[in-house]
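Written below as structure tokens is the structure these notes are about.
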Amino acid sequence: MIPVGDLTEAEASDELMRLADELASHDLAYRDAAPVITDAEYDVLRRRNDDIEARFPHLIRDNSPTQRVGAARAEQFSPVQHGTPMLSLENAFSDEEAADFDAKVRRFLKLGEARIAYTAEPKIDGLSASLRYERGVLVQGATRGDGRVGEDITANLRTLKEIPHRLNGSGWPDVIEIRGEVYLSKPDFAAMNAAAAEKEERTYANPRNAAAGSLRQIDPTISATRPLRFFAYALGLTSAAFAASQHEALAKLRAWGFQVTPQTQRVEGVEGLLSAYRDMEALRPTLTFDIDGVVYKVDRLDWQDRLGFVSRSPRWGVARKFPAEQARTVLEAIDLQVGRTGAVTPVARLDPVTVGGVVVTNATLHNADEIARKDIRVGDTVVVQRAGDVIPQVVEVVDPDRKGRPAPFQFPHTCPCPLRTPLARETTAGGAETVVRRCTGEFACPFQRIEHLKHFVSRRAFDIEGLGEKQLQMFFDEGIVKEPADIFKLAAFDTASLKKLKDREGFGALSVQNLFAAIEARRPIALDRFIFALGIRHIGETTAMTLARGYGSAAAFMQAMEQVAAGDPEAIAELDDLDQIGIAVVDAAGRYFKEAHNQQIVRRLLDELDVQDAEAVATDTAVAGKTIVFTGALERLTRDEAKAQAERLGAKVSGSVSKKTDIVVAGPGAGSKLKTAAELGIQVLTEDEWITLVGGGL
Ligand code: IVH
């Protein structure tokens, strides 16, 4: 083979033509999972193509692999950190809940009875994606992932005709993240499925699943063959403001070359929200794409900023969902499922039935009282419903008065686990019995242990790719993974073991390698995720974040928790003082860490990890690191807004004044807290002084 440096122009041109064809045929063979050359051989060809092009850029052909997608042959997608988190929306299921949303927005912004302008947009039933443009050029496209970190699917997204590689027109910020929904139209979906059926290839249950399957192809040449479309509807990070309202932003997105949903309306007040919903309901059957509701957004972007978000959802938006879809089927059995906290939930096993495009085989029955109230019996024909992503439910029994019905369901008194531990009916603080039945086996109960492990690897916790419930169950059943720390010892275990993972069914050399890499990648972990992953009762993501910020490091957290468990009053007061931490969390944390067994599990896990200190919130503001107490009536800000603002600026907001308090912001009517502040010599500010201190911030 002639070295690239010695090629004449004519030889180079011939060779590029040959290479383009050859590489394209290998891409196709690879796509069909029947490669004819090895990856290394492919890489040699590809490198030669690229080297020749580098020497003779004017000879680059349109059909060169560097110009086409399909060049990337990655085994998995790499992670991408979003510039700003991709949030999800709270749901509203009724007119009342839509009205509540409007009321909350007005209350938060102190707007009294003013009629607020909203956009009402179709809620497209697809998959969200984020597109990053720098100086008008598409540089990256990502899935939502866990909201903070998504997967790099740039090559796939570039194959969508409705995603511009360069923005049209002008006036865009240097850096902008544009968010929207990737979806398949109903006719395209039908045609795609029909063609697949003809070729005896896999078909999909609904357009959303088909879009997901098409987008998540490692090989972008496959995505390129699927008729995926894109609607833009939101912004992430933007380096400069370019619109004052959502509808203005949508108009700009359209001018820059995106599709935006033409059904979007700008409406005012609750009446506007409700009538937009009715309009959308009427339009739904005529649309060429699936929608599952209406998204309401406060139109003014400065108000959106002020409203901010709670946990994972913005306060400025809500999804008004269409009612659930229903179907009838036969209830074949009632099984019991044991959750992470021992709560025993009855589950309906159903004769498979399609509800709203998805095959349903299980539905939750909630608890024993619910079964009794609805008088649900094995063998009954029941109405099942499913709405959005929620677990399907049994709504009612069809013809409950029919003759020859079987006997009512008897709720067992013992856990279905091999230990058959007795179930206890939970009581409230006041001693009243609740509907929840719990297995009293705690960690001795294998059903609870496996649920803890599932929670540990779940998406919002350690999110270990390749370690799904199935694999985890197998490792658990074989005794290889008994507690979280064992996951991090898997690779070492496999090296020492005779029965290698790669030789097991469902695994291969590559998937094992990927699994070990995914586990390794999680050794460095954010403190809040670590805390959340422990699965302590009452400690969800928001509380975990509060604890992480409150204690700063894993060492400080552990020390404090052990002190709390030992009943140290100062440690308990410190925990209780953290914002929105109440007695339930103090109790649950105390109970969890009092168990020597739990402490050891956490210690062994910590030995495997590199837990990162809590993300320093803003440190360069006038109030960073300070503890603030708001008391009395506020006139310019609402309580929630003042609190959100203080937290954004790195302050901690507490509900009670103590010697740890740095500033008390007191409005009219402030009482005992103001008095305590004076006694302790704590700085007291008026609301106006506070607003000046934090730089206006409005
Ligand atoms: S706004 C902070 N607008 O619904 C929310 N989302 O539950 C940012 N979706 O993840 C998204 N149509 O996948 C927005 N017109 C629309 C939407 C929409 C569909 C999806 C999207 C998002 C989910 C939120």
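The values are calculated or read from the model by the stated rules, or taken from the named source; none is laboratory data. Since we're looking at a predicted model, the values are computed, not measured. With ideal geometry, Cβ positions are generated from the backbone for all residues, glycine too; neighbour counts draw on all protein chains shown. Ligands, DNA and RNA are excluded from the accessible area calculation, which covers all protein heavy atoms including side chains. Shrake-Rupley method; radii C 1.70, N 1.55, O 1.52, S 1.80 Å.
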Conditions: (1) within 32 Å of the chain's Cα centre (by Cα); (2) of a type in the set (Asp, Glu); (3) closer than 18 Å to residue 299 by Cα. Residue 113 meets all but one. Number of the miss?
(1)
Counting only residues in region 502-548 that are over 30 Å from residue 583 (Cβ atoms) and part of a loop (DSSP other than H, G, I, E, B), the one nearest to the chain's Cα centre (by Cα) is identified as 522
Considering every residue within region 300-308, establish whether at least one is within 13 Å of the ligand (Cβ to nearest atom) and either over 21 Å from residue 111 (Cβ atoms) or buried (at least 22 other Cβ atoms within 10 Å of the Cβ) (or both).
no
Of (1) more than 30 Å from residue 641 (Cβ to Cβ); (2) surrounded by fewer than 19 Cβ atoms within 10 Å (Cβ to Cβ), residue 268 satisfies every one except (1)
The listed residue being surrounded by fewer than 17 Cβ atoms within 10 Å (Cβ to Cβ), without any contact (Cβ under 8 Å) to a residue 12 or more places away in the chain and either touching a Phe, Trp or Tyr at 6+ places or on another chain (Cβ under 6 Å) or in a helix (DSSP H, G or I) (or both), out of 563, 600
600
Anything in region 535-561 that is modelled with pLDDT under 95, farther than 16 Å from residue 612 by Cα and not polar (S, T, N, Q)? List them, or say none.
535, 536, 537, 538, 539, 540, 541
In this structure, does residue 228 turn out to be open to solvent by 20 Å² or more (accessible area, probe 1.4 Å) and within 16 Å of the ligand (Cβ to nearest atom)?
no
Going residue by residue through region 232-240, is there one that turns out to be open to solvent by 40 Å² or more (accessible area, probe 1.4 Å) and over 30 Å from residue 107 (Cβ atoms)?
yes
Which pairs do you get when a residue that is open to solvent by 40 Å² or more (accessible area, probe 1.4 Å), found in region 84-100, comes within reach of a residue that is more than 16 Å from the ligand (Cβ to nearest atom), reach meaning Cβ atoms under 8 angstrom, with the pair 6+ apart or on two chains?
93/323; 95/274
Among the candidates 261, 286, which residue alone is within 12 Å of the ligand (Cβ to nearest atom), of a type in the set (S, T, N, Q) and either surrounded by 15 or more Cβ atoms within 10 Å (Cβ to Cβ) or more than 27 Å from the chain's Cα centre (by Cα) (or both)?
261
Is it the case that region 440-456 has a residue that's within 14 Å of residue 345 (Cα to Cα) and either touching a helix residue (DSSP H, G or I) at 6+ places or on another chain (Cβ under 9 Å) or aromatic (Phe, Trp, Tyr) (or both)?
yes
Tell me, which residue of region 168-201 that is polar (S, T, N, Q) and more than 16 Å from the ligand (Cβ to nearest atom) is nearest to the chain's Cα centre (by Cα)?
193
Exactly one condition in (1) touching a residue at least 40 places away in the same chain (Cβ under 8 Å); (2) over 28 Å from residue 442 (Cα atoms); (3) of a type outside the set (Ser, Thr, Tyr) is not met by residue 570; state its number.
(1)
For region 238-332, give me every one of the helices (runs of 4 or more DSSP H) that falls completely inside it and has 3 or more residues that are small (Gly, Ala, Ser) and at pLDDT 95 or above.
246-255, 269-283
Residues of region 210-237 satisfying the condition of being assigned to a helix (DSSP H, G or I), under 15 Å from residue 143 (Cα atoms) and touching a residue at least 60 places away in the same chain (Cβ under 8 Å):
211, 212, 215, 220, 223
Pair list, Cβ < 7 Å and 6+ apart or interchain, from region 261-286 residues that are over 16 Å from residue 104 (Cα atoms) to residues that are open to solvent by 70 Å² or more (accessible area, probe 1.4 Å)
266/247
Residues in region 129-147: is at least one under 30 Å from residue 270 (Cα atoms), within 16 Å of the ligand (Cβ to nearest atom), modelled with pLDDT of 90 or more and hydroxyl-bearing (Ser, Thr, Tyr)?
no
Within region 104-111, is there a residue that is within 16 Å of the ligand (Cβ to nearest atom), touching a Gly at 6+ places or on another chain (Cβ under 8 Å), without any contact (Cβ under 8 Å) to a residue 60 or more places away in the chain and not acidic (Asp, Glu)?
no
Is there a residue being at pLDDT 95 or above and away from the ligand (no atom under 16 Å from the Cβ) anywhere in region 78-98?
yes
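Conditions (1) open to solvent by 40 Å² or more (accessible area, probe 1.4 Å); (2) closer than 15 Å to residue 339 by Cα, marked per residue:
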| position | (1), (2) |
| --- | --- |
| 433 | yes, no |
| 443 | yes, yes |
| 447 | yes, yes |
| 450 | no, yes |
| 477 | yes, no |
| 488 | no, no |
| 495 | yes, no |
Can you say whether residue 346 is open to solvent by 50 Å² or more (accessible area, probe 1.4 Å), farther than 30 Å from residue 638 by Cβ and more than 16 Å from the ligand (Cβ to nearest atom), as far as the supplied structure shows?
no
Does residue 169 fit the bill of being open to solvent by 20 Å² or more (accessible area, probe 1.4 Å) and under 23 Å from residue 83 (Cβ atoms)?
yes
Quick one: which residue in 278, 266 is farther than 29 Å from residue 81 by Cβ, over 27 Å from the mean Cα position of the chain (by Cα), more than 16 Å from the ligand (Cβ to nearest atom) and of a type in the set (D, E, K, R)?
278
